[in-house]
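The values are calculated or read from the model by the stated rules, or taken from the named source; none is laboratory data. Remember, it's a predicted structure, so these values are computed and weren't measured experimentally. In this analysis, Cβ positions are derived from the backbone assuming ideal geometry, glycine residues included, and neighbour counts consider all displayed protein chains. The area values use the complete protein model at the heavy-atom level, side chains included, leaving out ligands, DNA and RNA. Shrake-Rupley method; radii C 1.70, N 1.55, O 1.52, S 1.80 Å.
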Amino acid sequence: MPVDPRFHPATGPHSLARLAEVTGARMVGDGARLLHGVAALGAAGAGEVSFLDGRRHLAALGEAKAGAVVLAEDFLGSLPEGVAALVSPMPHLAFARIAALFHPGPERQPGIHPTAVVAPDAELGEGCEVGPHAVIGAGVKLGARCTIGAHVVIGPGCIFGDDCRLHPHASASHCIAGHRVTLHGGARVGNEGFGFTPTPEGRFFTIPQLGRVVLGDEVEIGANSCVDRGALDDTVIGPGTRLDNLVQIGHNVVTGRGCVIVSQVGISGSTVLGDYVTAAGQAGFAGHLKIGSKARIGAQAGVLSDIPDGMDMAGSPAMPVRDWLRASIHQRNIGARGGKPAAAQSGRTRPDKTD
Amino acid sequence: MPVDPRFHPATGPHSLARLAEVTGARMVGDGARLLHGVAALGAAGAGEVSFLDGRRHLAALGEAKAGAVVLAEDFLGSLPEGVAALVSPMPHLAFARIAALFHPGPERQPGIHPTAVVAPDAELGEGCEVGPHAVIGAGVKLGARCTIGAHVVIGPGCIFGDDCRLHPHASASHCIAGHRVTLHGGARVGNEGFGFTPTPEGRFFTIPQLGRVVLGDEVEIGANSCVDRGALDDTVIGPGTRLDNLVQIGHNVVTGRGCVIVSQVGISGSTVLGDYVTAAGQAGFAGHLKIGSKARIGAQAGVLSDIPDGMDMAGSPAMPVRDWLRASIHQRNIGARGGKPAAAQSGRTRPDKTD
Amino acid sequence: MPVDPRFHPATGPHSLARLAEVTGARMVGDGARLLHGVAALGAAGAGEVSFLDGRRHLAALGEAKAGAVVLAEDFLGSLPEGVAALVSPMPHLAFARIAALFHPGPERQPGIHPTAVVAPDAELGEGCEVGPHAVIGAGVKLGARCTIGAHVVIGPGCIFGDDCRLHPHASASHCIAGHRVTLHGGARVGNEGFGFTPTPEGRFFTIPQLGRVVLGDEVEIGANSCVDRGALDDTVIGPGTRLDNLVQIGHNVVTGRGCVIVSQVGISGSTVLGDYVTAAGQAGFAGHLKIGSKARIGAQAGVLSDIPDGMDMAGSPAMPVRDWLRASIHQRNIGARGGKPAAAQSGRTRPDKTD
């Protein structure tokens, strides 16, 4: 289906040559051909650009009616006649750049909505947009061109760099953020961590949470996710790290650069992640762990111990992913046959495709 | 305990005959008897209606002091003398209709609160209520009799049908919704999906998320749940489907009609559910799966592969529920006895009742 | 690193004698020594107080350059010369009291922000602060000295006791709360529970949720957590119980006193917890269970049956923690070696330290 202009206003049309220029792709076809938008491979018509990312949709390529397709060199031979190509070693990235050219997103509307409450001493960089009912506290500093959505609350003293986007209902306190940081709707950054200690009378005494949250450049925090501020030291989310929705980050967690934390993951206090760590959906981490760079943690994994660089882990408690595959097959066999050996089924080694 | 009138204003009293009429139940007792409200079976007094749903509370029925009890034909014989009956093949439904008669919920107060910010070109159907500080964007269309709570934000271009209820702090963008749709407090509908692709420099480039969210008639989205909009195609929640709180729905997920998605479930991008699928609490689904109609997925299950129609699955990775029961008992036995056989305990086949 | 005064304004300096007095600790050193703040053990300088809680950081104690350290009697001998001591049997509590003395948190600013919408018949106790855009409904009663943050919504009829703090974007409805209750940012208290029943036509009919939420004194509800109101009876959170972020509490759940519910836990409807129950991160509870006092439930556990007082449970389905350790090691061995016995590894009994 075509992109709905009600929600995604478009630029264009753009020529094939322009798209090649924007993406650095090699053009195969008439550079003057005009394209009017983007669409999925099966849905794209003669005026639209689509893409092929790997073999998953290769069958659809033969049927393509798109005006142009972004693809890797290898698949060029399967392109139907009359369809132009943009050949790129990174077709998904090239397509994303084209999509962003056609649909650059809503235009920022600099200015402060009359219903917003902005502290007199807050400093807003040039070109900031502050939406209805937003609240910006004392001493806040925003860089240039920030977009502060409706109902956003920024607590006293927070700093955000240039080109940050805080979507409606996001809130931040005790936070120092870099450039191009995004908080999605309802994200909670800088809340008091879960820190308390019992008293002799059996009550709990709150341990003052005296740290901050530090967000590196290009960090994204997903909708309704929570990043607690540090207890004494800071909670730190490294540059480029992205959190999906409903993620929980405990106090004093530190992540490196470019980590990918999928929805509903929970990371307990003081755990430290290296660079480019991936944690799949609903995985959980105990506190005070060290997770090596480029480690990959499977969905629903329960991580209870340190993980070396580059390890792939899965299961709860987490184990190396190959072990987990073996253990899972064993479990499944126990379930299916009460644990009796099954020579005929010895080929069932992929838990994700055995049903 | 009686229903607190501070929170739930009541109509009534209503006669037994009136209740029989509203529910289609068969009346046993004096049709002129007046009832003043509803209560749980153990707590209901002579002026109140209660109900018995299945055998769970059968013992309490013999002690009932209620004015009337809604129940199935089978249990009529256990009703104490002096208690009237409303006999229904669906007692829970009949009781719910009676409860809704007594407590129809807060009355809509048509009009726009002076602190709300409504775009000049937004179209609101007759009888809509718009609460304090709500924000309604350009080009929004609301059907008749919608209730827009305090602090709700509806982004530009969204469409909602008649009789929708958006509770305080809910937000929607890029969304087309049917009639009688409910967003509970803090629900986030239409956020940017978790889509990005690496660049050669090791950064992430956001893939523009150019789809929408389509909500069928009578869809409910729970408190603080998130439904991301599609990447190119739409995310679709089928008619009557209900999401509990803190649920995550990834971009391009499609559900059929009447699915029940319990709290903290996560469904990854592009997974498709048939009709009347049930997913119990904290279950997780990988992306790009097909889940058959009437499949039932157990709590905390990890679904990694397609599921045929009508299958009951459990475990992580998920397997047929009977296999999971067997594997769980094996696990438990390994834990309890180091894996030694235990003839005396061979009857322990129900993991939910063995402690 | 020192506490950032931008976010955490400080009192002081305070003398060692004053700190001893506040904490009841035994002072070792010059009572006139002035301290200016608190810091972690490795970071504290001569003007700062730090603490040692157990053996974890004992090595750091020998290197300490702090002005004073709070510690237990046992470790006094390891303190470097020149560092003063505050000796306490509960060093974490003593340190927390000191931190709260130095950093008592933001000062309440009594009064109602002009953008707040407060119902004419709402009753606010003396010294309440009501922030920008807060909405307080008809008939609400707040005790003395409550702090109602920006964008908080309190529905009609709710009651809160003295010294409650509702952080930005929290919302409550159908709620009766005690003294010193805290709702963190985006917490949702009193939403409609997930109750509905099928109709003969295959639709769902909502069962009116006619109960309330009752929060005991000193309850804390974490950021973006959800506590649904009861269906007929109440949902009750006992005094002193603390919920972390993103927790789900279903309708009619009852907890005792002093329970600790860690992030992303889900408790299904009508389950009853005794006193001082601990549930670690991402654990899930089926509905209608009874969990005994002082039971401890492991991270990601799946609780499907009643648990006696004082039991430690783990795994999904949950089993006694010793059994779970044994079963986990078995699983891990199956994974690592295909189930062959491994005498050399028989000492690997701690799943959290075997990597």
- Yes/no for B:Phe102 being touching a residue at least 60 places away in the same chain (Cβ under 8 Å), hydrophobic (A, V, I, L, M, F, W, C) and open to solvent by 40 Å² or more (accessible area, probe 1.4 Å): no
- Message: Condition (residue is more than 14 Å from chain A (Cβ to nearest Cβ), part of a loop (DSSP other than H, G, I, E, B) and open to solvent by less than 10 Å² (accessible area, probe 1.4 Å)) applied to region C:67-81: is it met by at least one residue?
- Response: yes
- Considering only residues of region B:222-243 that are open to solvent by 10 Å² or more (accessible area, probe 1.4 Å) and over 22 Å from A:Gly105 (Cβ atoms), which is farthest from the other protein chains (Cβ to nearest Cβ)? B:Val236
- Task: Could you check A:Pro89 against (1) over 26 Å from the mean Cα position of the chain (by Cα); (2) not in a strand (DSSP E or B) and say which number it fails?
- Result: (1)
- Item | Single residue of region B:113-145 satisfying the filter (more than 14 Å from chain A (Cβ to nearest Cβ) and under 21 Å from C:Ala138 (Cβ atoms)) that is surrounded by the fewest Cβ atoms within 10 Å (Cβ to Cβ) | B:Gly127
- Message: With at pLDDT 95 or above, touching a strand residue (DSSP E or B) at 6+ places or on another chain (Cβ under 9 Å), closer than 26 Å to A:Pro168 by Cα and not small (Gly, Ala, Ser) as the only criterion, which of C:Arg165, C:Arg212 stands out?
- Response: C:Arg165
- Residue check for C:Pro156: free of Cβ contacts under 8 Å to residues at least 60 places away in the same chain, assigned to a loop (DSSP other than H, G, I, E, B) and more than 9 Å from chain B (Cβ to nearest Cβ): no
- Note on the structure: Taking region B:35-48 and the residues there that are hydrophobic (A, V, I, L, M, F, W, C) and within 11 Å of chain C (Cβ to nearest Cβ), the one that is most open to solvent (accessible area, probe 1.4 Å) would be B:Ala43
- Note on the structure: Filtering region B:194-226 down to residues that are over 26 Å from A:Arg257 (Cβ atoms) and of a type in the set (Ser, Thr, Tyr) yields B:Ser225
- Report, by residue number, each residue of region B:281-293 that is surrounded by fewer than 24 Cβ atoms within 10 Å (Cβ to Cβ) and in a loop (DSSP other than H, G, I, E, B). B:Ala286, B:Gly287, B:His288, B:Leu289, B:Gly292, B:Ser293
- Task: Evaluate region A:181-197: report whether one residue or more is more than 7 Å from chain C (Cβ to nearest Cβ), open to solvent by 20 Å² or more (accessible area, probe 1.4 Å) and either of a type outside the set (A, V, I, L, M) or under 16 Å from the mean Cα position of the chain (by Cα) (or both).
- Result: no
- Pick out the one residue from C:Ala46, C:Ala25, C:Ala84 that is touching a Lys or Arg at 6+ places or on another chain (Cβ under 8 Å) and touching a residue at least 60 places away in the same chain (Cβ under 8 Å). C:Ala84
- Query: Taking into account only those residues within region B:159-180 that are on the phi < 0 side of the Ramachandran plot and among the charged types (D, E, K, R), which is nearest to the other protein chains (Cβ to nearest Cβ)?
  - Reply: B:Arg165
- Message: Is it the case, given these coordinates, that A:Pro168 is open to solvent by 30 Å² or more (accessible area, probe 1.4 Å), closer than 26 Å to B:Thr206 by Cα, touching a residue at least 40 places away in the same chain (Cβ under 8 Å) and within 21 Å of the chain's Cα centre (by Cα)?
- Response: no
- Listed residues B:Pro120, B:Pro110; which is in contact with a Gly (Cβ under 6 Å, 6 or more places away or on another chain) and within 30 Å of A:Ala134 (Cβ to Cβ)? B:Pro110
- Item | Unmet requirement for A:Asp53, which otherwise passes all of (1) within 30 Å of B:Gly155 (Cα to Cα); (2) in contact with a helix residue (DSSP H, G or I) (Cβ under 9 Å, 6 or more places away or on another chain); (3) part of a loop (DSSP other than H, G, I, E, B); (4) in contact (Cβ under 8 Å) with a residue 40 or more places away in the chain | (1)
- Message: Checking the structure you have, find out if any residue of region B:255-267 is away from chain C (no Cβ under 14 Å) and either open to solvent by 10 Å² or more (accessible area, probe 1.4 Å) or in contact (Cβ under 8 Å) with a residue 40 or more places away in the chain (or both).
- Response: no
- How many residues does region B:268-280 contain that are over 21 Å from B:Gly190 (Cβ atoms) and open to solvent by 10 Å² or more (accessible area, probe 1.4 Å)? 5
- Task: Out of the residues in region B:248-280 that are assigned to a loop (DSSP other than H, G, I, E, B) and among the hydrophobic types (A, V, I, L, M, F, W, C), state the one that is nearest to the chain's Cα centre (by Cα).
- Result: B:Val262
- Note on the structure: Across region B:1-34, the tally of residues that are under 24 Å from C:Gly211 (Cα atoms), more than 14 Å from every other protein chain (Cβ to nearest Cβ) and assigned to a loop (DSSP other than H, G, I, E, B) stands at 1
- Examine region C:87-98 for a residue that is surrounded by 20 or more Cβ atoms within 10 Å (Cβ to Cβ) and away from chain A (no Cβ under 13 Å), and state whether such a residue exists. yes
